[in-house]
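The values are calculated or read from the model by the stated rules, or taken from the named source; none is laboratory data. Since we're looking at a predicted model, the values are computed, not measured. Because the Cβ atoms are built from the backbone with ideal geometry, glycine has one as well, and the counts that use them run over all protein chains shown. All accessible areas refer to the heavy atoms of the entire protein, side chains included, with ligands and DNA or RNA removed. Shrake-Rupley method; radii C 1.70, N 1.55, O 1.52, S 1.80 Å.
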Amino acid sequence: MTSRAQLLKERLARGDSIDLRGHGKAGGGLMLAVQAFAAAAAEVPGLDVQDWPLFSSARKGATVCAYLRIARGKVEQSSAVSEPDVAVLMNEAAAEDVDFAEGTRDALYVLNTWHSPEMAAARYKLGGTVVTIAGDDLGKKYLGRPLANIAVLAALVRATGLVEPEAARRSLQSRLVKRRLPTRIVDANLAMFDAAQDQMRVGEFPAHEHARKVFSGYGELPAGAQSALRTSAKNRTSGYGRPGIKVEFVDPGAKCNGCSLCVVQCPEGIIQFNPDPNKGTLVYGARFTDFCKVCRECVAACPLDLFHEIAVSSRPEGHPVEA
C-alpha cells in the first residue's frame with residue numbers, strides 16, 4: 001500500500017468520488033482489469049461503483065479507454081472522467097495516440113512499463129505517486145505472452161488500498177471462470193496476480209500541472225480534413241469491409257484536379273496524395289488493403305470518377321469462396 005492510499009480514503013470520507021481512467025490497446029485486457037477492480041470495490045460496505053468502457057474501435061490493437069468512479073454512499077455524477085485521481089496506462093503504445101495523464105496534477109499513476117518511477121515521471125511529465133510494474137515480462141513468464149493486465153490489476157490494488165488483495169483475487173477468478181477459460185489458464189493468471197503484488201515500484205514526485213499535448217495542426221492536409229486526429233489507419237480496419245467488394249483508384253492519365261474532396265471525406269485518412277502549390281492535392285492512391293471499409297465516400301466525392309468499386313472473389317478473412 002502507498003501513502004497515496006490514505007489520501008484516497010480521506011477523499012471518500014469527505015464525500016468526494018475517486019475517478020479512475022485507464023488507457024490501453026484492445027485485446028490487452030484493460031477492461032478485465034478495471035472491471036475486476038470495480039467488482040471488488042463494490043463489495044466493500046458503503047461504496048458505490050460505476051465503471052464503463054469507451055472504445056475507439058473494437059479491432060484488436062486499437063486504442064481503448066475505460067472509466068471507473070467510486071464513491072461512499074452513492075455515485076451521483078455521471079460524466080466522462082476528465083480529471084482522474086488514478087490514471088492507468090496498460091500499454092505504452094497507447095500513449096503515442098492519447099495523453100493518458102491529461103487533466104491530472106497530483107494523481108496516482110499506475111503504468112505497465114520496465115521504466116523506473118523516476119524514468120516514467122520524467123518521460124510523461126507526471127507529478128504525484130508513480131507506480132510502475134513490468135507487466136509484459138510477468139505475462140511472458142506466467143502466460144507465455146506479454147499480457148500485462150493481471151500485473152497492473154495487482155499493482156492497482158496495492159497502490160490504492162481501496163480493496164483487499166484477496167477480494168480482488170476472488171473477483172478476478174470469477175471473471176476468468178465466466179469466460180470459460182481452461183483451469184490451467186485461470187491458475188496461471190492467479191499465480192501472476194500473487195507474484196505481481198511484490199513487483200511494483202513506487203516513486204513520489206512534486207505535484208505540478210501536467211503539460212497537455214498541443215495540437216500542431218493538420219500539416220499538409222487540406223482544410224476540413226480531420227484525418228490527423230483519427231487512429232483508424234493504425235488499426236487495420238479493413239476487416240470491417242463489405243465482403244465481395246473493394247475500392248480501387250485508377251488514374252493512368254493523371255486526371256486528378258487536386259480538389260481534395262476524397263481526402264476530406266475519407267473517414268480512415270488513407271488517401272495518398274502529393275500537395276501541389278499550383279494544382280492543390282494531387283491524389284495517387286490509397287491504402288485500401290489494410291484500412292478500407294468500403295464506405296464509398298471517395299467514390300461519391302470524386303467529380304472525375306477515379307475511384308471505383310470492384311468485385312473480389314475472396315472472403316474477408318482471405319479464404320477462397322467455395323464453388
Quiz item: Counting just the residues of the range 178-225 that are of a type in the set (Lys, Arg) and either assigned to a loop (DSSP other than H, G, I, E, B) or modelled with pLDDT under 70 (or both), which one comes out surrounded by the fewest Cβ atoms within 10 Å (Cβ to Cβ)?
Solution: ARG180
Practice problem: From ASP19, ASP48, grab the single residue that is within 28 Å of ARG201 (Cβ to Cβ) and touching a Lys or Arg at 6+ places or on another chain (Cβ under 8 Å). | Solution: ASP19
Quiz item: Hey, among the residues in the range 125-144 that are assigned to a helix (DSSP H, G or I) and touching a residue at least 60 places away in the same chain (Cβ under 8 Å), which one's surrounded by the most Cβ atoms within 10 Å (Cβ to Cβ)?
Solution: GLY135
Exercise. Would you check which residues across the range 97-111 are of a type outside the set (D, E, K, R) and open to solvent by 10 Å² or more (accessible area, probe 1.4 Å) and list them?
Key: VAL98, GLY103
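Matching residues to (1) farther than 13 Å from GLY22 by Cα; (2) modelled with pLDDT of 95 or more; (3) not in a strand (DSSP E or B):
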{"residue": "GLN50", "(1), (2), (3)": "yes, no, no"}
{"residue": "SER57", "(1), (2), (3)": "yes, no, yes"}
{"residue": "CYS65", "(1), (2), (3)": "no, no, no"}
{"residue": "ILE70", "(1), (2), (3)": "yes, yes, no"}
{"residue": "VAL81", "(1), (2), (3)": "no, no, yes"}
{"residue": "VAL98", "(1), (2), (3)": "no, no, yes"}
{"residue": "LEU111", "(1), (2), (3)": "no, yes, no"}
{"residue": "MET119", "(1), (2), (3)": "yes, yes, yes"}
Quiz item: Pick from ALA26, ALA40: which is open to solvent by less than 30 Å² (accessible area, probe 1.4 Å), in contact with a Gly (Cβ under 8 Å, 6 or more places away or on another chain) and at negative phi?
Solution: ALA26
Quiz item: Taking only pairs six or more apart or across chains, which ones have beta-carbon atoms under 6 Å, a first residue in the range 145-161 that is closer than 15 Å to LEU30 by Cβ and of a type outside the set (A, V, I, L, M), and a second residue that is open to solvent by 10 Å² or more (accessible area, probe 1.4 Å) and not in a helix (DSSP H, G or I)?
Solution: ASN149/GLY29
Practice problem: Just one of (1) closer than 19 Å to GLN199 by Cβ; (2) open to solvent by 10 Å² or more (accessible area, probe 1.4 Å) trips up ALA151, so point out which. | Solution: (2)
Quiz item: Name the pairs whose Cβ atoms lie under 7 Å apart, with the first residue in the range 246-259 and closer than 20 Å to PRO277 by Cα and among the basic types (Lys, Arg), the second open to solvent by 60 Å² or more (accessible area, probe 1.4 Å) and in a loop (DSSP other than H, G, I, E, B), and 6 or more positions between them or separate chains?
Solution: LYS255/LEU304
Quiz item: Do you know which residues across the range 164-197 are among the charged types (D, E, K, R) and farther than 15 Å from LYS141 by Cα?
Solution: GLU164, GLU166, ARG169, ARG170, ARG175, LYS178, ARG179, ARG180
